[in-house]
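Below: the structure, in structure tokens.
The values are calculated or read from the model by the stated rules, or taken from the named source; none is laboratory data. All figures in this text were calculated on a predicted structure; none of them were measured in a lab. For neighbour counting, all protein chains shown are included, and Cβ atoms are generated from backbone atoms with ideal geometry for every residue, glycine included.
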Amino acid sequence: MLLKNLADSHVHLMATGQIRCTLSLAKLRDWRELSDLPKDREFFRDHWYVGFGWDENLWPGKEIPTAQQLDQLFPDFPVYFSRCDGHSGLTNSLGLRELGRTGSGLFKEKEHLENLGKLPAYSDEARERFLIESCRTFNEAGFTHVRDLGGNESQFLLAQKLEKEGRLTLQVDWNFPCQDLKSFENVLRQAIRCRQLSSAQNELKGIKFFFDGSLGSDTALLSKPYAHRCDHSHGRQVWSDDDAKAVIQRSWENGFEVAVHTIGDEAVDRIVNLAREVSSKGIGGRLNLEHAEVLQPETIKKMKPLHVVCHLQPCHWLSDKAWLDQKLGELKAYAFPWEALRRAKIPFFFGSDSPIEPPSLFRNLQALDESVSFGIAALKADPIEFHLCPSPRVSGETEVKDGQIERVVFQNKIVFQRKPELI
């Protein structure tokens, strides 16, 4: 089977390569095992020991360590360990001091992202290595086109440098995130500059912000309380309505798409309502809803007058299925709404959210197949069509044989070929 312009619609390009080169915490079965991990120089950012991928659901009692408990393992240098969903982070007392923080050492959402921004910067050489590793990762998974949600001007310019050198083996559609309304104008200026520099392989599309958190961290914004909690928590809204509305309006006025991280059904509904308010002023543009993992039928109806595109990750079902019923309760009926969107003729595309999940066409196909027996409505369409780039500027071909990526060609150059198995 030959696929043209196979795309991953939601990735964090630089982070994908960075995580591949970072200390992995994915296999920890107890937080105390942190002390046994290698302390190689490559796992440090300057003097900070940094890792990614822990999941307390795999630990005895789901116990998350405090800063003081981490001090017992790491008394001599600051540490920062990001959770597997990218929405939480842990640090020790030395880390708290350097970050100017107080508390238990666990940070979520906006505070976590701010902490990451305060860690020592990587060198230009390291960042180039991360981008090259990202290209290799996506090419090996069969992808020639990606849509990035985590970039900035320096990453964009570095990717253009690699493009000119013939070392960028992807077409990238870029969206620059902003952390709050205060940072929006600076991000907007970066986006305007990069849009003017857009090229065949690198085009600046829009601006992104996080409106809620994640189901894994109990911070996705739901219309009903989390079923497994006794505190009646609905999750967390990261931005105020007024600030979110202002960014939507200013982005559209400047000709940019808006991409909004919305996982919970209440988060999606509020963003759609805000977009409708902006649209009622005669100001329009594309609204990209990132994840939309829980989505009510009434919200889908509200999308109709808008230029909405949803970006879903079926592979998240493979990770979330173990606790989906426990957390969502009756809201599970509205989880992973690909068939509801198809019936409503709301356009959507599939991706991985890499590095949160590994980029993989086959994992998404597996999730679409297996989720049906768990009550998720079957997608009554060819799933491959939702993995094809809607606006290719350069050509890519992916050959699939016997359920494996056989060969990937990008701009008439072979960028991946599976090695023949030794007999």
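Tell me the residue from Asp353, Asp369 that is surrounded by fewer than 16 Cβ atoms within 10 Å (Cβ to Cβ) and closer than 24 Å to Leu328 by Cβ, please. Step through it out loud before you land on a result.
Numbers: Asp353 fails: surrounded by fewer than 16 Cβ atoms within 10 Å (Cβ to Cβ).
Of Asp353, Asp369, the one residue that is surrounded by fewer than 16 Cβ atoms within 10 Å (Cβ to Cβ) and closer than 24 Å to Leu328 by Cβ is Asp369.
Take Glu33 and decide whether it is free of Cβ contacts under 8 Å to residues at least 24 places away in the same chain and either among the β-branched types (Val, Ile, Thr) or closer than 28 Å to Phe143 by Cβ (or both).
Working: free of Cβ contacts under 8 Å to residues at least 24 places away in the same chain: yes; either among the β-branched types (Val, Ile, Thr) or closer than 28 Å to Phe143 by Cβ (or both): no.
Here the answer is no, as Glu33 does not meet what is asked.
Filter region 16-64 for residues that are in a strand (DSSP E or B) and over 18 Å from the mean Cα position of the chain (by Cα) and give the result.
First, pick out the residues of region 16-64 that are in a strand (DSSP E or B): 23-24, 44-45, 48-54.
Passing the criteria: Leu23, Phe44, Arg45, Trp48, Tyr49, Val50.
Report yes if Leu331 is assigned by TED's automatic domain parsing to the domain that holds Ala267, more than 19 Å from Ala267 (Cβ to Cβ) and surrounded by 16 or more Cβ atoms within 10 Å (Cβ to Cβ), otherwise no.
no
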(message) Taking the criterion of being closer than 27 Å to Lys345 by Cα and in a helix (DSSP H, G or I), would at least one residue in region 258-266 satisfy it?
(response) yes
(message) Consider region 135-192. How many of its residues are crowded, with 20+ Cβ neighbours inside 10 Å and on the phi > 0 side of the Ramachandran plot?
(response) 1
(message) Quick check on region 337-383: of everything there that is aromatic (Phe, Trp, Tyr) and touching a strand residue (DSSP E or B) at 6+ places or on another chain (Cβ under 7 Å), which residue is nearest to Arg136 (Cα to Cα)?
(response) Phe350
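Residue by residue, here is whether (1) touching an Asp or Glu at 6+ places or on another chain (Cβ under 8 Å); (2) among the hydrophobic types (A, V, I, L, M, F, W, C); (3) crowded, with 22+ Cβ neighbours inside 10 Å; (4) modelled with pLDDT under 95 holds:
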position	(1), (2), (3), (4)
Ser217	yes, no, no, yes
Lys224	yes, no, no, no
Ile248	no, yes, yes, no
Glu253	no, no, no, no
Asn273	no, no, no, no
(request) Please state which one of Arg195, Arg136, Arg167, Arg189 is under 22 Å from Glu290 (Cβ atoms), out of contact with any Phe, Trp or Tyr (no Cβ under 7 Å at 6 or more places or on another chain) and among the charged types (D, E, K, R). (result) Arg195
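Please work out if Glu385 is of a type outside the set (Val, Ile, Thr), more than 24 Å from Asp265 (Cα to Cα) and either part of a strand (DSSP E or B) or not assigned by TED's automatic domain parsing to the domain that holds His228 (or both). Walk me through it before giving the result.
Details: of a type outside the set (Val, Ile, Thr): yes; more than 24 Å from Asp265 (Cα to Cα): yes; either part of a strand (DSSP E or B) or not assigned by TED's automatic domain parsing to the domain that holds His228 (or both): no.
Taking the combined requirement at face value, the residue does not satisfy it.
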(message) For the list (1) farther than 22 Å from Arg127 by Cβ; (2) loosely packed, with under 13 Cβ neighbours inside 10 Å; (3) touching a Pro at 6+ places or on another chain (Cβ under 6 Å), I need the number of the one condition that Asn5 fails.
(response) (2)
(request) Inspect all residues belonging to region 185-199 and state whether any of them is in the same structural domain as Ala322 (by TED's automatic domain parsing) and within 30 Å of Val400 (Cα to Cα). (result) yes
(message) Between a residue in region 340-364 that is touching a residue at least 24 places away in the same chain (Cβ under 8 Å) and any residue that is in a helix (DSSP H, G or I) and among the aromatic types (Phe, Trp, Tyr), which pairs come within a Cβ distance under 7 Å, given they are 6 or more apart or on different chains?
(response) Phe348/Trp338; Phe348/Phe386; Phe349/Phe386; Phe350/Phe386; Pro359/Phe138
